[in-house]
Amino acid sequence: MFWLAPRVLLAVLVVVGGTLACGQLVGLVGWPLWGAASGAGVSVALACLLDSWRGAQLLRWLSGLQDTDAPHLRAFWGELTTRVERAIRRRERETEREREQLRQFLEGIEASPNGVLMLDAGEQIEWCNQMAAEHLGLDAERDLRQRITNLVRSPAFVAHLHARNHEQPVHIPAPDGRGLIAIVVRPYGDGQRLLLTQDVTARERADKMRRDFVANVSHEIRTPLTVLAGFVETMSSLPLTEVERQRVLGLMAQQTKRMQSLVGDLLALARLEDSPRPPADQWHPLARIGASVESEARGLSAGRHQFSFDWGDWQLAGSEAELQSGIGNLVNNAIRYTPEGGRISVTAGTRTDGALEVRVQDSGPGIAPEHLPRLAERFYRVDGSRSRETGGTGLGLSIVKHVAQRHGGELRITSELGRGSCFTLVIPASRVQAKTVQQPAEPVAS
Ligand code: ADP
């Protein structure tokens, strides 16, 4: 209020000074009262004019954008201008801060892997992030203010949007027709709705794989169990001769073995999926792995096949047990699917990029090309009865593929119907050493 006293003082001085001056002046001609009155009037008018001029300057600045400095005024108007300008600048700073917060918030939503879309009470798009636009096949800018049901026409979505209960998400096909989008609708405000979208293609695929897997495992276990139950009943209800009893026991042992193999392979797969990747600094001679694969193979074949093995002189880094199981499964398959008298050869050699290929080639029946891409899927079989007859579980190649991938490699399959197949386990160069590394000699006890 420091402007008030000078302003009152100035007003008093102007009026008194004007009154006296005019009173004196007009008093000379004999009308001192008229002089005093007109002096006071002129002074007040001048003071009003000055005030109006200053006020007009402030008003002109206020009615603009206030992007220049406020006018420099004195006393009361100066104080008023300073306060108004300060309030405006403070509001501008707050607005700027809020705008920045909003920008960061929207940037955060943009970075989200989920789509966010806001609808007004008339179902028109108020705002959406890029992800929601992709999920729903929209243009995030062009389609603003458009009615969503004109753009997303899936009947399931339209019905869900108009339903009262939005507890469950609705699923609609992705715009490219190759995936599945889940949409959650949440009402808010005055009839507005928030739509959250998510690409659930991979999750749905994984769920389906899990369901199929459980169904397959149940089926694989139920079959031998049913057979076993039948045999148990036969044995307990029928008087069998010793020969018949031995035959039934043999068949029961076969089914039990089948279940054991299945459970063994399932456990092996579970271990491969859950355990950390094999170490890259533990080296194992391929010849040692090969020797044990070879002895198992000869036992399984029992002289029905011609073998040739060439393991070379390599060292592999990783898990010896896994590598042995991977290569063993390939050789085991070759023996089971190649008819008697067929040839099976196993060779190991490096490619130009240093990766090692362990090739298992057979002269068996071969596989039609349409089966090749699915061969390493769990329980995928070209000929189910042949697989089961020979003790197959349908999981062997799946195990090999996991072993290869865990070592950074891959499983390659080439085959020709009637001419045989070649299964190649590829181990990357980083896990291959060419020569047998000399182990440090054991210190000699003195
Ligand atoms: P399985 O236990 O049935 O052999 P795998 O996963 O090892 O299961 O193999 C999947 C399918 O691939 C087999 O059922 C068989 O049809 C085919 N297969 C695998 N190896 C060979 C091979 N060497 N020759 C012909 N077919 C093969």
Query raised in the report: Within the chain, which is the longest segment containing none of the GluC sites (Glu not before Pro) that sit in a DSSP loop and have at most 10 other Cβ atoms within 10 Å?
Result: 168-339
Query raised in the report: Can you give the net charge of the other residues whose Cβ lies under 12 Å from the Cβ of His407, counting K and R as +1 and D and E as -1?
Result: +1
Report summary line: So, over other residues within a Cβ distance under 9 Å of Gly349, counting Lys, Arg +1 and Asp, Glu -1, the net charge is 0
Report task. For every helix of n ≥ 4 consecutive DSSP H residues, a contribution of -39,500 (n - 2.57) applies; sum these over the chain, divide by its total residues, and give [θ] at 222 nm rounded to the nearest 500 deg cm²/dmol. Result -> -18000 deg cm²/dmol
Query raised in the report: Tally Lys/Arg at +1 and Asp/Glu at -1 over every other residue whose Cβ is under 10 Å from the Cβ of Gly364; what's the total?
Result: +2
Query raised in the report: Longest segment of the chain with no chymotrypsin sites (Phe, Trp or Tyr not before Pro) in a DSSP loop having at most 15 other Cβ atoms within 10 Å?
Result: 4-446
Query raised in the report: Which of the listed residues, Ala47, Thr82, Leu25, is farthest toward the dipole's positive end in the range 4-94, when Lys, Arg count +1 and Asp, Glu count -1 at the beta-carbon?
Result: Thr82
Query raised in the report: How much of the accessible area of the chain, probe 1.4 Å, is carbon plus sulfur, in whole percent?
Result: 58 percent
Report summary line: Everything considered on the Cα gyration tensor (a ≥ b ≥ c; rounded for a/c under 1.5, else prolate if a/b is larger than b/c, else oblate), the range 211-274 must be described as prolate
Report summary line: So for the range 229-332, using the alpha carbon gyration tensor with a ≥ b ≥ c as root eigenvalues (a/c under 1.5 gives rounded; past that, a/b versus b/c decides prolate or oblate), I'd call it oblate
Query raised in the report: For the chain, what is the accessible area per residue in Å², given a 1.4 Å probe and the full set of protein chains?
Result: 61 Å²
**Report entry** Dipole magnitude of the range 4-94, debye to nearest 20 (Cβ charges: Lys/Arg +1, Asp/Glu -1, about Cα centre)
**Finding:** 200 debye
Requested in this report: List the DSSP H helices in the chain whose Cα atoms stretch 27 Å or more along the helix axis and whose mean Kyte-Doolittle hydropathy is at least -0.5.
Outcome: 4-27, 32-63, 201-237, 242-274
Requested in this report: Kindly identify the chain as rounded, prolate or oblate by the Cα gyration tensor criterion: order the square roots of the eigenvalues as a ≥ b ≥ c, call it rounded if a/c is under 1.5, otherwise compare a/b with b/c, prolate if a/b is larger, else oblate.
Outcome: prolate
Report summary line: Residue span Ala87 to Arg210: 0.36 nm per residue of separation minus Cα-Cα distance leaves a gain in nm of 37.9 nm
Requested in this report: Provide His162, His219 ordered by accessible surface of protein heavy atoms (probe 1.4 Å), highest first.
Outcome: His162, His219
Requested in this report: Place a +1 charge on the Cβ of each Lys and Arg in the chain and a -1 charge on the Cβ of each Asp and Glu, then give the dipole magnitude about the Cα centre in debye, rounded to the nearest 20.
Outcome: 380 debye
**Report entry** Cα centre as origin, Lys/Arg/Asp/Glu Cβ charges: the range 113-199 dipole, Debye
**Finding:** 220 debye
Report summary line: Ignoring trypsin sites (Lys or Arg not before Pro) buried by more than 13 other Cβ within 10 Å or outside DSSP loops, the longest site-free run in the chain is 179-303
Report summary line: For the range 258-335, the charge dipole (Cβ of Lys, Arg +1; Cβ of Asp, Glu -1; about the Cα centre) points to a positive end, and the Cα of Val263, Gln282, Leu300 closest to that extreme belongs to Leu300
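The values are calculated or read from the model by the stated rules, or taken from the named source; none is laboratory data. All values derive from a computational prediction rather than experimental measurement. Note that each Cβ is placed from the backbone with ideal geometry, even for glycine, and that neighbours are counted across all protein chains shown. Ligands, DNA and RNA are stripped out before the accessible areas are found, and what is left, the full protein with its side chains, is counted by its heavy atoms. Shrake-Rupley method; radii C 1.70, N 1.55, O 1.52, S 1.80 Å.
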